[in-house]
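The values are calculated or read from the model by the stated rules, or taken from the named source; none is laboratory data. As the structure is a prediction and not an experimental result, all values here were calculated from the model. Here the Cβ is made from the backbone with ideal geometry for all residues, glycine too, and neighbour counts use every protein chain on show. In case anyone asks, the SASA skips ligands and DNA or RNA and just uses the protein heavy atoms, side chains included. Shrake-Rupley method; radii C 1.70, N 1.55, O 1.52, S 1.80 Å.
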Amino acid sequence: MEFINYEVEGMVGVITINRPKALNALNSQVLEELDQTLDAVDLDNVRALILTGAGEKSFVAGADIGEMSTLTKAEGEAFGKKGNDVFRKLETFPIPVIAAVNGFALGGGCEISMSCDIRICSENAVFGQPEVGLGITPGFGGTQRLARIVGVGMAKQMIYSARNIKADEAYRIGLVNAVYPLEELMPAAQKLAASIAKNAPIAVRNCKKAINDGLQVNMDEAIVIEEKLFGDCFESYDQKEGMTAFLEKRKVEAFLNK
Ligand code: CAA
């Protein structure tokens, strides 16, 4: 892979978008490599992912403006679909994904972070959807996910005005869960990922699915989604071990993802 690095440490995989010359902007090749990387994640052993950008300046500075500049309407739509398909794969990925936003998260960069389950960022992070200043709409999910995360009013203000916001404002409006000095961002992401990875993997996956799927339907249907995923945990080795450990007043020996 030219633009994606993937490393596994323990039960945590780290995906790094590595195109620093273009501030990690997303061209078709980056999107394809990201797609392939996700397909290759060993879901038997990896229990959480971290997504970050190479370098100290940018997470992802958006979709590649050079590549987009000459697209026809049909090609523009196809490019939007290419990004949306990969981002949806990330959003529905079976295990949790943490975005460690280490700088610019503009346009497609803000959008890819919003496809992750959890966003944390460094103090130098900048978020925004600058697309209308380029003559286009956000095209990798920004018109849909930003409103779901920060509310319709704030999303419309950010998108219509194309105003970028700094880390403290992103924290205040709930776009990120926490802000760290740059050098503390990856250790914090690793610590958070490890705190997820130590829990029963089937249960964690079912929580992700229950929250994601439940948010798309009304409450009556949502609680049925929960009931099924709750029921699905029973009879698993990990459910028996987790509950037996509690009843025997001992620590869980190990969750085995079965
Ligand atoms: N696409 C292509 N190249 C990009 C890029 C992008 N989104 N963002 C940065 N680059 C390139 C620059 O062209 C420059 O390349 P050269 O050295 O070859 O000239 C290099 O990265 C460094 O960038 P700058 O010199 O501009 O760095 P800076 O520190 O002065 O500014 C910045 C940083 C404010 C992030 C600025 O680069 C910028 O505004 N980038 C564009 C951000 C943007 O508009 N993103 C949204 C894209 S549209 C989109 O994402 C659509 C969608 O929803 C799918």
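Some observations on this one:
- Here the peptides 234-244, 59-69, 108-118 are ranked by packing, the mean other Cβ count within 10 Å, and the order with the highest first is 108-118, 59-69, 234-244.
- Rounded to the nearest 5, the antiparallel percentage of DSSP beta bridges internal to the chain is 25%.
- For the chain, the dipole from Cβ point charges (+1 on Lys and Arg, -1 on Asp and Glu) about the Cα centre works out to 560 debye, to the nearest 20.
- Dipole in debye (nearest 20) - segment 155-258, about Cα centre, beta carbon charges: Lys, Arg +1; Asp, Glu -1: 300
- Accessible area in the full protein assembly, largest first, 1.4 Å probe, for I120, I202: I202, I120
- Here is the size of segment 115-254 from its Cα atoms: Rg then Dmax, 19.5, 63 Å.
- Segment 30-173 - share of DSSP beta bridges that are antiparallel (%, nearest 5): 15
- Contact order relative to length of segment 22-105, as percent, for alpha carbon pairs under 8 angstrom and 6 or more apart: 49
- Computed accessible area, L215, all protein chains, 1.4 angstrom probe, square angstrom: 130
- Extended-chain gain in nm, criterion 0.36 nm per residue less alpha-carbon gap, T70 and I149: 25.3 nm
- The phi torsions of segment 163-170, fed into the Karplus equation with coefficients 6.51, -1.76 and 1.60 and a -60° offset, translate into couplings of 8, 7, 10, 8, 4, 5, 6, 4 Hz, rounded to whole numbers, with Gly and Pro shown as x.
- For G103, nonlocal amide neighbours, meaning residues 5 or more places apart or on other chains whose placed amide H falls under 5 Å from its own, are F59, S122, A125, V126.
- The alpha-carbon of K156 sits under 28 angstrom from the alpha-carbons of these lysines, leaving out residues fewer than 8 places away in its chain: K57, K73, K81, K82, K89, K166, K208, K209.
- 0 to 90° range, to nearest 10: angle between helix 219-233 axis and the chain longest Cα axis: 50
- In sequence order, calculated HN-Hα J values of segment 174-187 (Karplus, 6.51, -1.76, 1.60; Hz; x Gly/Pro): x, 6, 10, 8, 6, 10, 10, x, 3, 5, 9, 5, 5, x
- Most positive-pole-ward Cα, L215, I98, Y171, against dipole of the chain from beta carbon charges: Y171
- As a length-normalised measure over Cα pairs under 8 Å and 6 or more apart, the relative contact order of the chain settles at 16 percent.
- Pairwise centroid distance, computed over Cα atoms, of segment 18-89 with segment 131-170, Å: 19
- Scaled against 2.2 N^0.38 Å for its residue count N, the alpha carbon radius of gyration of segment 180-230 is 1.54.
- For the chain, a Gaussian network of Cα nodes joined below 10 Å ranks K198, K21, K166 by mean-square fluctuation, and the top entry is K21.
- Taking amide H positions as modeled 1.01 Å from N, with prolines and chain starts lacking one, the residues under 5 Å from R119 and 5 or more places away or on another chain are A99, N177.
- Vicinal HN-Hα couplings computed from phi for segment 133-144 (Karplus, 6.51 cos²θ - 1.76 cosθ + 1.60; Hz; Gly/Pro x): x, 9, x, 9, 8, x, x, 10, x, x, 5, 9
- Of the residues N5, G53, F79, the one whose Cα sits farthest toward the positive end of the charge dipole of the chain, with +1 on the Cβ of Lys and Arg and -1 on the Cβ of Asp and Glu, is G53.
- Nearest-ten-degree value, helix 237-247 long axis tilted from longest Cα axis of the chain: 60
- C-alpha long axis of helix 28-40 to longest principal axis of the chain, angle in °: 10
- Whole-number percent relative contact order across segment 160-251, with pairs defined as alpha carbons under 8 Å at least 6 apart: 15
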